[in-house]
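Presented below is the structure to which this report refers.
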Amino acid sequence: MSGRRIALALIACCHAPLVLGDETAAGRALYESRCDACHDKSVHNRAARKSRNVGEIRQWVSRWNTELGGAWTDPEIDAVTRYLNQRFYKFPCPPAICKRDKA
């Protein structure tokens, strides 16, 4: 492998976690500002309420958004859904919800 290819591989490898973190940063900030005070990680692991796919995660986020006054937009609900999925659930995520942020 040439030096240039090795350098490109190292750059791609080293920057991948940063990109992933950037994609979920907005969702994390929204979640922490509004939900974190009442929820700890155990709420996402309870058998009675544990989501079984990304769609169910989004349904819960949307439901609680409405319960709390509906301040979040659909893109913000998607951002929180992506954050929760990455942090707790690790489900395959459909492109309609898990497309990369354009920010």
Self-check item: Those residues of the range 78-97 which are part of a loop (DSSP other than H, G, I, E, B) and either on the phi < 0 side of the Ramachandran plot or among the aliphatic types (A, V, I, L, M) (or both), in sequence order
Solution: Phe91, Pro92, Cys93, Pro94
Quiz prompt | Residue among Ala25, Ala12 that is at pLDDT 90 or above and small (Gly, Ala, Ser) | solution = Ala25
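For Val54, are the conditions met, namely being in contact with a Cys (Cβ under 8 Å, 6 or more places away or on another chain) and either within 15 Å of Ile97 (Cα to Cα) or at pLDDT 95 or above (or both)?
Working: in contact with a Cys (Cβ under 8 Å, 6 or more places away or on another chain): yes; either within 15 Å of Ile97 (Cα to Cα) or at pLDDT 95 or above (or both): yes.
When the stated conditions are applied, Val54 passes them.
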Quiz item: Under 7 Å by Cβ, and 6 or more places apart or on different chains, what pairs join a residue from the range 62-77 that is in a helix (DSSP H, G or I) with one that is among the basic types (Lys, Arg)?
Solution: Ile77/Arg58
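The values are calculated or read from the model by the stated rules, or taken from the named source; none is laboratory data. This one's a predicted model, so the numbers in the text were calculated from it and none came from an experiment. Quick reminder, even Gly has a Cβ in these numbers, built from the backbone with ideal geometry, and neighbours come from all protein chains shown.
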